[in-house]
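**Q** Quick one: structure below, then a few questions.
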Amino acid sequence: MHKLRTVRIHYLYIFIGSALLSAAFLFAVQRAVALLYAHYSGKSGVFFVRLIHWVINHIGKVPCAIALFVLIFSGLFILRSQKIADDLHTVLVGTSELADKGATKEIKVLSGGELGQIAANLNRMQRIEVPNRGVVPETMEETPAVALLIRTRAIIRTLREVEEASNTDDGVEAQTLLEAASVEARSMERFLEYLIIES
């Protein structure tokens, strides 16, 4: 199933979808122009009829159809592929912050597959590295206690924010904060397991 959610498959899906939608739109435009031309064909002075005659005589039906298809296809392809481009930009910004500052906020992408996995791996790496960040080498023996203290305070702070959000009837924010607390608790659980294994 994961093989069907790659970036290559997403772009193939976008390409085929854009081509089909462009062809359908082009067919609808062709039928509408044909109906209008049949309705006004007896009135040669009408601007629409003169425009159609000029286009057919100077450009041709096939070049106009190709140009319209390419224009519509390009617009649809750019609009539809913007999500992947935004996700790539988000991952790029996150990795740049990790490389420059050693820390970044949680990387959230809309795509699944490879991009989603990269973002999840970067977020997991960030959570693993946070307990050891900012601790001087002389106090490395205090790292487990400091890390647990930081994580416990983060969970308590998040639960306080959940309580405040529930008092203001903001269910969406409360749900988001609960998910953040759950992630923090799972991370602390993994860290405790690591300490138990190491000891």
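**Q** As a test of reading the structure, rank ASP87, ASP100 by solvent-accessible area (1.4 Å probe, protein chains only), most first. Numbers along the way, then the final one.
**A** Details: ASP87 5, ASP100 125 Å².
Heavy-atom accessible area, descending, gives ASP100, ASP87.
**Q** Keeping all protein chains in position, work out how much accessible area GLU114 exposes to a 1.4 Å probe, and write it in Å² to the nearest 10.
**A** Accessible area, nearest 10 Å²: 90 Å².
The values are calculated or read from the model by the stated rules, or taken from the named source; none is laboratory data. All values derive from a computational prediction rather than experimental measurement. Protein only, heavy atoms only, side chains kept; ligands, DNA and RNA dropped before computing areas. Shrake-Rupley method; radii C 1.70, N 1.55, O 1.52, S 1.80 Å.
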